[in-house]
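Trainee: After the structure tokens below, expect a handful of questions from me.
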Amino acid sequence: MDPRRTARTVSDPKVRQVGFFTPAPPERSISDPPRFQDPIQPPSPSSTQVNDQSPSGNSLSPVMIPPAHHHSDNFLRTALQATSPPKAFSYSAKTVTIPPENEDVASSFSPGRKVVSAKSPSSFPGVKASSVPASELTTVSVVNLPPGISEKAGGASVEVQNDRPVSAKTLKEKTSKAERRALQEAQRAAKAAAKAEGTKASSAASKVVTSANTKPSKATKPSSQKNDGSQVAASEKKGGDRAPEKDRKKDAPHPRMQYDDKSRVEKAKKRAVVKQTEARNRVELFRHLPQYEHGTQLPDLETKFFELDPMHPAVYKVGLQYLSGDIRGGNARCIAMFQAFKEAIKDYSTPPEKTLIRDLTARISSYVSFLIECRPLSISMGNAIKFLKNRIAKLPLALSESEAKSMLMLDIDRFINEKIILSEKVIVKHAVTKIRDGDVLLTYGASSVVEMILLHAHELGKHFRVVVVDSRPKLEGQLLLRRLVRKGLSCTYTHVNAVSCIMQDVTRVFLGASSVLSNGTVYSRVGTACVAMVAHAFCVPVLVCCEAYKFHERVQLDSICFNELGNPDAISKVQGREEINYLDGFVNQENLQLLNLIYDATPSDYVSMVITDYGMIPPTSVPVIVREYRRDHLWS
Amino acid sequence: MWWRSASFILDRQQEQNTSYPPNPESLLLSYPPPSMADSLQNPKPDISAYYQTRAAHHAVVTSDWLSQAQAAVSLQTNDDVSSGSDGRVAPTGGGTGGDNKTFSVIDEFNSWRKQPDLAEAVAAIRALAAVIRASQATTMMELEIELKKASDSLKAWDATSISLTAGCDLFMRYVTRTSALEYEDFNSARYRLIERAEKFGEISYKARRIIAMLSQDFIFDGCTILVHGFSRVVLEVLKTAAENKKHFRVFCTEGRPDRTGLRLSNELAKLDVPVKLLIDSAVAYTMDEVDMVLVGADGVVESGGIINMMGTYQIALVSHSMNKPVYVAAESYKFARLYPLDQKDMGPALRTIDFGVPIPSKVEVEKSARDYTPPQYLTLLFTDLGVLTPSVVSDELIQLYL
């Protein structure tokens, strides 16, 4: 899909196509799998589910449709409950699961894998395209993939989600490498199928099928645990024994796990490192988001420090800092995470008989899942992780370990410098041109970029006033205010309640953002939408400052689907003012639900301009940046 | 809220910088502040060269213009850059690298500019192409620097003209951004540049025709079109529609202060198109009869909004509130990397306004020549790239410049 870009650079005004046209047909070859999930593709219901499963792992899926969860479960149920299983299914059962019941499941992999992988690799890309029904053997892997994976992955489909994008991306670039990857993919799929079949066969002999939904996961668990224990014994092939890492990866809930799905939450909890006790009364609409009792995890986690041997201390430290709220703000969290990863990579050495690329990716994934347990990832962090994993996956195979490590560390440094620090400077440069003498600038919360803008404009000798709007419970604005006042800016401080009064005097509103989504929606600290709407009502231009690495191709229409819940105690209690703590003792009341949201979504209608490292753009142009530069910088 | 206005601040700064004309009346006044000092007596340095050219092309001779021309004649030695009434006084620094040569971009530009049908940006593009041709550079880098210098001096010649700036920028992009250049020897690369420059000039020249063809689908039989100001693209669109035997009616606004609407109505009358002239304040009154609004643009900015002759914004507002479509006809070389947030967010292009009667010097006159229409009030843009929604403009600009 690169031809388009180059055609653009030549910029022949006459022949250029305009707007969002579909790429030319030759670009859609089979060897080049669709980059984004194609929603208009469903030849049959089963294949759409396959499709759903695989590329959505690419990230959080681009379009959010609220409760589409359980689909893999449903599919599994239908597949298993069907009186006569599909032909392909039974076929694989026949050929693949020859091993006797009482043999170790792990050892039964190799024959099964060989059977399938011998034939499937050439046609395997069909899994991605899923519209080409090739031979019966390929359909085995296609059909079996989702159930196999969902059975295997105890805590939802974490493993799939994490593994797939890497392979999909590498598939895209080189055919030789792609073939190799496809082969591995085939092997993995076959293994999954074999495992599923094997466990089913073995357990079916002894147990009565009580519920198709829970059984396979129960059945697979012992095998994986066995692997965990007999780590040395099981090491036979290159990618064959990634079980421990994989399990660890599965531990964490997927960032988009639906927390109202009881069975999954149970599974996720069993493996979690951080013991989160769930808050009891949760608001109905936000049940799908994790909500924990705060304050209990920290000591718990500290005591566990020596048990978690694979966790690098730097990562552990950062995780604790996230948990306690010492590090906050998209950029700060991202930089801290990357520096911890850098430490970890520095101390990393590839275990014998493993490859750096696979093992390090798994290692990073386990770190990430630990960080997710401490606090859900921000979108900026998600993008940064994607970048790092992609860099790892694209490391040349010929590189020695030390070279590869230093290369990765350089990449991390480059990302921090170019994507965060430099782009902040560029944003400041752009934004300052919009500040005139006599302006009254309003900002909400504490954004690092906005602070830099204000300070820089002040250094340039512009005369302006600043209104810092703040809100309970975090009162981050006071931090910003403190720094601004110290530098000699004239400031006004108020709470968000008064924003409609103060807005009359304001000439510009500068806002930071956690992310800007593809439809121009600004995803930011809760309260931002309110400020933007008031500003819009008063015809005051709203400028959103956001680095381009925080852009995300997802589309979100409300702030319900994806959000983060804070500590509900923070809004029910006011520290240091005992006389107004009316809710003491009411917190666990059945008919009281407390909601402390962290983020909200501002529709693009209320945003006049997005200032990013690529210049000042209207919010409607965010997808252009995502489309044109995402690949160039983040994923290449 | 007048004290917030940027133009006010700029005015004030300007007056503090330029040695403040000795105007006894303004000294007597303590309030309002001295921005009132400028009046009809001393308007010349304020006027944007762009509007002077337009006035010359449109043969609009106002009393101001006359007095100004006379003043200019008497002040031949004035080295002000914007002394545009005799444009051939080329400012320094506009020449090529070698001083012995007499070639100057500005001269070239002005000679092209004299053709009334040629847009300013196209003239600039042609002038820049001439720079390449006349250049004695021996390396690519040299040539590029020379070109850059020439385009900078062109831009500096009239900073208020958006299409001139945008045209120069686009030219630089179009001509120099070819990856093939590195692999060739200098002469063939140079020919390639000239070729591209000429092609670009040709494309820009033909842009108007393309727009006229594209917009025919939108003009239906029996429709009433409201036009504002005089735009050569709009005229071309209407002319083509008339040639295609479409039956339509045109409402022309008067287009104060330079009465560009009158000129457009003259042109249309020659084509036997039924025309009705409105005074500028009658737009809302007639809007219910209007089927669509068609305007040109001085510049199309990154948000997808347009900068155009004063009055466009209010017409767009009125038609938006009455649910009439607003179409903009603009060539793609007018796409500029500007992003005004509000009306005062750009450097004001000032011009004289002839009220017909002497205005007391105490009275302030709003002299800004153009306004900014935000994208939400525009329906579609007819450009040579196709018929675009306003949000695609930014898309195109990102493709071009980043």
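The values are calculated or read from the model by the stated rules, or taken from the named source; none is laboratory data. Bear in mind that the values here come from a model prediction, so they are computed numbers and not experimental data. In this analysis, Cβ positions are derived from the backbone assuming ideal geometry, glycine residues included, and neighbour counts consider all displayed protein chains. Only protein heavy atoms, including side chains, enter the accessible area calculation; ligands, DNA and RNA are left aside. Shrake-Rupley method; radii C 1.70, N 1.55, O 1.52, S 1.80 Å.
Trainee: Going residue by residue through the stretch A:602-625, is there one that turns out to be more than 14 Å from chain B (Cβ to nearest Cβ) and crowded, with 20+ Cβ neighbours inside 10 Å?
Mentor: So far as the stretch A:602-625 goes, yes, one or more of its residues are more than 14 Å from chain B (Cβ to nearest Cβ) and crowded, with 20+ Cβ neighbours inside 10 Å.
Trainee: Do the conditions hold for residue A:332, that is, is it out of contact with any Lys or Arg (no Cβ under 8 Å at 6 or more places or on another chain), open to solvent by 50 Å² or more (accessible area, probe 1.4 Å) and of a type in the set (A, V, I, L, M)? Spell out the reasoning first.
Mentor: On the way: out of contact with any Lys or Arg (no Cβ under 8 Å at 6 or more places or on another chain): yes; open to solvent by 50 Å² or more (accessible area, probe 1.4 Å): no; of a type in the set (A, V, I, L, M): yes.
For residue A:332, the condition - out of contact with any Lys or Arg (no Cβ under 8 Å at 6 or more places or on another chain), open to solvent by 50 Å² or more (accessible area, probe 1.4 Å) and of a type in the set (A, V, I, L, M) - is not met.
Trainee: In the stretch B:375-392, what residues are at the interface with chain A (Cβ under 9 Å from one of its Cβ atoms) and part of a helix (DSSP H, G or I)?
Mentor: So in the stretch B:375-392, the residues at the interface with chain A (Cβ under 9 Å from one of its Cβ atoms) come out as B:375-376, B:383-392.
Within the stretch B:375-392, B:375, B:376, B:390, B:391, B:392 meet the criteria.
Trainee: If you don't mind, there's one more thing I want to ask. Condition check: open to solvent by less than 70 Å² (accessible area, probe 1.4 Å) and touching a residue at least 40 places away in the same chain (Cβ under 8 Å). Does residue B:231 satisfy that? Show your work before the answer.
Mentor: On the way: open to solvent by less than 70 Å² (accessible area, probe 1.4 Å): yes; touching a residue at least 40 places away in the same chain (Cβ under 8 Å): yes.
Yes: the conditions hold for residue B:231.
Trainee: Would you mind stating whether residue B:340 is within 14 Å of chain A (Cβ to nearest Cβ), within 20 Å of residue B:394 (Cβ to Cβ) and not hydrophobic (A, V, I, L, M, F, W, C)? Please lay out each step first, then the result.
Mentor: Values: within 14 Å of chain A (Cβ to nearest Cβ): yes; within 20 Å of residue B:394 (Cβ to Cβ): yes; not hydrophobic (A, V, I, L, M, F, W, C): yes.
Yes: the conditions hold for residue B:340.
Trainee: Looking at residue A:571 and the list (1) open to solvent by less than 20 Å² (accessible area, probe 1.4 Å); (2) away from chain B (no Cβ under 14 Å); (3) among the β-branched types (Val, Ile, Thr), which single condition is not satisfied?
Mentor: Unmet for residue A:571, out of (1) open to solvent by less than 20 Å² (accessible area, probe 1.4 Å); (2) away from chain B (no Cβ under 14 Å); (3) among the β-branched types (Val, Ile, Thr): (1).
Trainee: In the stretch A:337-438, which helices (runs of 4 or more DSSP H) lie fully inside it and hold 1 or more residues that are within 14 Å of chain B (Cβ to nearest Cβ) and touching a residue at least 60 places away in the same chain (Cβ under 8 Å)? Break it down into steps so the answer makes sense when it comes.
Mentor: Values: elements: A:356-374, A:379-393, A:401-414, A:423-432.
Ranges flagged: A:423-432.
Trainee: Quick check on my filter: what residues within the stretch B:356-380 are among the basic types (Lys, Arg) and more than 20 Å from the chain's Cα centre (by Cα)?
Mentor: B:362
Trainee: Additional query: Here is a list of conditions, (1) outside any loop (DSSP other than H, G, I, E, B); (2) modelled with pLDDT of 90 or more; (3) within 14 Å of chain A (Cβ to nearest Cβ), and residue B:395 meets all of them except one; can you say which number that is?
Mentor: It is condition (2) that residue B:395 fails.
Trainee: Any chance you could count how many residues in the stretch B:324-337 are away from chain A (no Cβ under 14 Å) and touching an Asp or Glu at 6+ places or on another chain (Cβ under 9 Å)?
Mentor: To start, the set of residues in the stretch B:324-337 that are away from chain A (no Cβ under 14 Å) comprises B:324-329.
With the extra rule that they be touching an Asp or Glu at 6+ places or on another chain (Cβ under 9 Å), the set shrinks to B:324-325, B:329.
Selection size over the stretch B:324-337: 3.
Trainee: What are the residues in the stretch B:305-323 that are in contact (Cβ under 8 Å) with a residue 12 or more places away in the chain, open to solvent by 20 Å² or more (accessible area, probe 1.4 Å) and either away from every other protein chain (no Cβ under 14 Å) or polar (S, T, N, Q) (or both), if any? Outline the logic, then answer.
Mentor: To start, the set of residues in the stretch B:305-323 that are in contact (Cβ under 8 Å) with a residue 12 or more places away in the chain comprises B:305-320, B:322.
When the remaining residues are screened for being open to solvent by 20 Å² or more (accessible area, probe 1.4 Å), the result is B:310, B:313-314, B:317-318, B:320, B:322.
Result: B:310, B:314, B:318, B:320, B:322.
Trainee: Just give me the residues in the stretch A:494-527 being assigned to a loop (DSSP other than H, G, I, E, B) and out of contact with any strand residue (DSSP E or B) (no Cβ under 7 Å at 6 or more places or on another chain), in sequence order.
Mentor: Initially, the stretch A:494-527 is screened for residues assigned to a loop (DSSP other than H, G, I, E, B), giving A:506-507, A:513-514, A:518-521, A:526-527.
A:520, the sole residue that qualifies.
Trainee: Residue A:548: in contact with a Phe, Trp or Tyr (Cβ under 8 Å, 6 or more places away or on another chain), open to solvent by less than 60 Å² (accessible area, probe 1.4 Å) and within 14 Å of another protein chain (Cβ to nearest Cβ), yes or no?
Mentor: Details: in contact with a Phe, Trp or Tyr (Cβ under 8 Å, 6 or more places away or on another chain): yes; open to solvent by less than 60 Å² (accessible area, probe 1.4 Å): yes; within 14 Å of another protein chain (Cβ to nearest Cβ): yes.
Criteria met by residue A:548.
Trainee: Determine which member of the set B:302, B:236 is open to solvent by less than 10 Å² (accessible area, probe 1.4 Å), acidic (Asp, Glu) and outside the structural domain of residue B:162 (by the TED database).
Mentor: On the way: B:236 fails: open to solvent by less than 10 Å² (accessible area, probe 1.4 Å).
After applying the criteria, what remains is B:302.
Trainee: Further question on the same structure: Return yes when residue B:214 is farther than 22 Å from residue B:379 by Cα, of a type in the set (A, V, I, L, M) and surrounded by 17 or more Cβ atoms within 10 Å (Cβ to Cβ) and no when it is not. Break it down stepwise before answering.
Mentor: Working: farther than 22 Å from residue B:379 by Cα: no; of a type in the set (A, V, I, L, M): yes; surrounded by 17 or more Cβ atoms within 10 Å (Cβ to Cβ): yes.
The answer is no for residue B:214.
Trainee: So, one more: Looking at this structure, is residue B:119 modelled with pLDDT under 80, surrounded by 22 or more Cβ atoms within 10 Å (Cβ to Cβ) and not assigned by the TED database to the domain that holds residue B:267?
Mentor: Working: modelled with pLDDT under 80: yes; surrounded by 22 or more Cβ atoms within 10 Å (Cβ to Cβ): yes; not assigned by the TED database to the domain that holds residue B:267: yes.
Yes, satisfied.
Trainee: Same structure again: Is at least one residue of the stretch B:352-368 within 14 Å of chain A (Cβ to nearest Cβ) and modelled with pLDDT of 90 or more?
Mentor: Step one: list which residues in the stretch B:352-368 are within 14 Å of chain A (Cβ to nearest Cβ), which gives none.
No - not one qualifying residue is present in the stretch B:352-368.
Trainee: Suppose the filter is closer than 29 Å to residue A:372 by Cβ, in a helix (DSSP H, G or I), touching a residue at least 24 places away in the same chain (Cβ under 8 Å) and out of contact with any Gly (no Cβ under 7 Å at 6 or more places or on another chain); does residue A:480 pass it?
Mentor: On the way: closer than 29 Å to residue A:372 by Cβ: yes; in a helix (DSSP H, G or I): yes; touching a residue at least 24 places away in the same chain (Cβ under 8 Å): yes; out of contact with any Gly (no Cβ under 7 Å at 6 or more places or on another chain): yes.
In short, yes.
Trainee: Of the conditions (1) within 14 Å of chain B (Cβ to nearest Cβ); (2) open to solvent by 70 Å² or more (accessible area, probe 1.4 Å), residue A:582 fails just one. Which one is it?
Mentor: (1)
Trainee: Okay, moving on. Taking the stated definitions as given, is residue B:272 of a type in the set (Asp, Glu) and buried (at least 18 other Cβ atoms within 10 Å of the Cβ)? Break it down stepwise before answering.
Mentor: Details: of a type in the set (Asp, Glu): yes; buried (at least 18 other Cβ atoms within 10 Å of the Cβ): no.
Judged against the criteria, residue B:272 is not a match.
Trainee: Sticking with this one: Go through (1) exposed (fewer than 13 other Cβ atoms within 10 Å of the Cβ); (2) assigned to a helix (DSSP H, G or I); (3) of a type in the set (A, V, I, L, M, F, W, C) one by one and return the number of the condition residue A:592 breaks.
Mentor: Against the list (1) exposed (fewer than 13 other Cβ atoms within 10 Å of the Cβ); (2) assigned to a helix (DSSP H, G or I); (3) of a type in the set (A, V, I, L, M, F, W, C), residue A:592 comes up short only on (2).
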